[in-house]
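Participant: The structure under discussion is supplied below as structure tokens; questions concerning it will follow.
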Amino acid sequence: SQQGEEDPQALSIQEGENATMNCSYKTSINNLQWYRQNSGRGLVHLILIRSNEREKHSGRLRVTLDTSKKSSSLLITASRAADTASYFCATVFNYKLTFGKGTLLTVNP
Amino acid sequence: GAVVSQHPSWVICKSGTSVKIECRSLDFQATTMFWYRQFPKQSLMLMATSNEGSKATYEQGVEKDKFLINHASLTLSTLTVTSAHPEDSSFYICSARDQGGIDEQFFGPGTRLTVL
């Protein structure tokens, strides 16, 4: 069953701006992962944050995790048109991924 | 990085026929593979967990007799959609977990199934 809920469902920004997407979940997790999906394509793994971590960086990506609030955020800095895609959070428990509904990010040139 | 392939990438079939989709881990061994279904503009829904050498574990609401899963080797899992109907039209994605036990799953590029 779906437990991740991303917001916003859709986000439209200008190139160079930052994009923030949020994810909330309901049950226990081992870790939380963020994925990107271009239209009609497979998933690309972006970043993994473990349940005992609070923040993680990878290039222009910054992920936070607040297990007390059962929420995570993905920040993409200095966005580019090529960042246009759907972004999904996925909670992991006992190796099983449960995906959120996703945020459709559009970066306008 | 670890690569997972799927074949075919797209398939169109007539209602009532069966379709087999292959998922292969190309450069690592995967004791566990997962099958997901994604309807347009929706998220991925886990259908089943495929374990090498044993029966698949299906999620609630997924018909095991309709979606046959075989994981015969450490690098290959197959999903067969039997007696396909138009409502089975969807994007099917597999993922594989590295036997080394890291947390990351590696996803295939997906298979677009259209049932006429």
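Participant: Please name the residues of segment A:75-109 whose accessible area, counted over protein heavy atoms with a 1.4 angstrom probe, falls by no less than 40 Å² between the chain alone and the full protein assembly.
Facilitator: The answer is A:Y95, A:K96, A:L97, A:F99 - residues whose exposure falls by at least 40 Å² when every protein chain is included.
Participant: If r is the Cβ-Cβ distance from A:D66 to A:V44 and R0 is 25 Å, what FRET efficiency results, to the nearest 0.05?
Facilitator: Once the sixth-power term is evaluated, E becomes 0.50.
Participant: Next question, about the same structure. Could you list, in their original order, any pairs among B:K14/B:K41; A:K70/A:K96; B:K20/B:K41 whose Cα atoms are separated by more than 20 Å?
Facilitator: B:K14/B:K41; B:K20/B:K41
Participant: By how many nm would the segment from B:S5 to B:S73 grow when fully extended, if each residue of separation counts as 0.36 nm and the alpha-carbon distance is taken off?
Facilitator: Details: separation 68, 0.36 × 68 = 24.48 nm, distance 1.47 nm.
So the extension gain works out to 23.0 nm.
Participant: Another question, then. Under the 0.36 nm per residue contour assumption, what length would be gained going from the current alpha-carbon distance of B:L26 and B:R112 to full extension?
Facilitator: Net length gain for the segment: 28.9 nm.
Participant: How many percent of DSSP beta bridges within the protein assembly as shown run antiparallel, rounded to 5?
Facilitator: Working: 77 of 86 bridges.
Among the beta bridges of the protein assembly as shown, antiparallel pairing accounts for roughly 90 percent.
Participant: Continuing with this model, one more query. Give me a comma-separated list of calculated 3J(HN,Hα) values for segment A:44-61, in order, Karplus coefficients 6.51, -1.76, 1.60 applied at θ = phi - 60°, integers in Hz, x for any Gly or Pro.
Facilitator: Per residue, the Karplus-derived 3J(HN,Hα) values read 10, 6, 9, 6, 10, 10, 7, 5, 9, 9, 10, 8, 8, 10, 8, x, 8, 9 Hz.
Participant: Quick test of your reading: applying the under-4.7 Å Cβ rule, which cysteines of chain B are isolated?
Facilitator: Those would be B:C13, since no other cysteine Cβ in chain B comes under 4.7 Å of theirs.
Participant: Moving to a separate point now. Assigning unit charges at the beta carbon (Lys, Arg +1; Asp, Glu -1) and nothing else, what dipole magnitude in debye, to the nearest 20, does segment B:30-71 show about its Cα centre? List each step's numbers first, then the result.
Facilitator: Numbers: 5 positive and 4 negative charges, 28 e Å.
Here segment B:30-71 has a charge dipole of around 140 debye.
Participant: Return the percentage of antiparallel bridges among DSSP beta bridges fully within chain B, rounded to the nearest 5 %.
Facilitator: 90
Participant: Which net charge results for the neighbourhood of A:G16, defined as the other residues with beta-carbon distances under 13 angstrom from its beta-carbon, given Lys and Arg at +1 and Asp and Glu at -1?
Facilitator: On the way: positive: A:R60, A:R80; negative: A:E15, A:E17, A:D83.
Within the 13 Å Cβ shell, the charges total -1.
Participant: With θ set to phi - 60° and the Karplus curve 6.51 cos²θ - 1.76 cosθ + 1.60, what are the ³J(HN,Hα) couplings of segment A:21-30 in order, to the nearest whole Hz, using x for Gly and Pro?
Facilitator: Couplings: 10, 10, 9, 10, 9, 10, 10, 5, 9, 8 Hz.
Participant: What FRET efficiency comes out for the pair A:S51/B:H85, r = Cβ-Cβ distance, R0 = 45 Å, nearest 0.05?
Facilitator: So the FRET efficiency works out to roughly 0.65.
Participant: Ignoring ligands and nucleic acids, what accessible area does B:H85 show with a 1.4 Å probe (Å², nearest 10)?
Facilitator: About 70 Å², rounded to the nearest 10.
Participant: Of the options A:L48, A:G16, A:N38, report the single residue whose Cα projects farthest towards the positive end of the charge dipole of the protein assembly as shown (beta-carbon charges: Lys, Arg +1; Asp, Glu -1).
Facilitator: Value: A:N38.
The values are calculated or read from the model by the stated rules, or taken from the named source; none is laboratory data. All values reported here derive from a predicted model rather than from experimental measurement. Cβ: placed from backbone, ideal geometry, glycine included. Neighbour counts: every protein chain shown. Areas reflect the complete protein model, heavy atoms only, side chains present, ligands, DNA and RNA absent. Shrake-Rupley method; radii C 1.70, N 1.55, O 1.52, S 1.80 Å.
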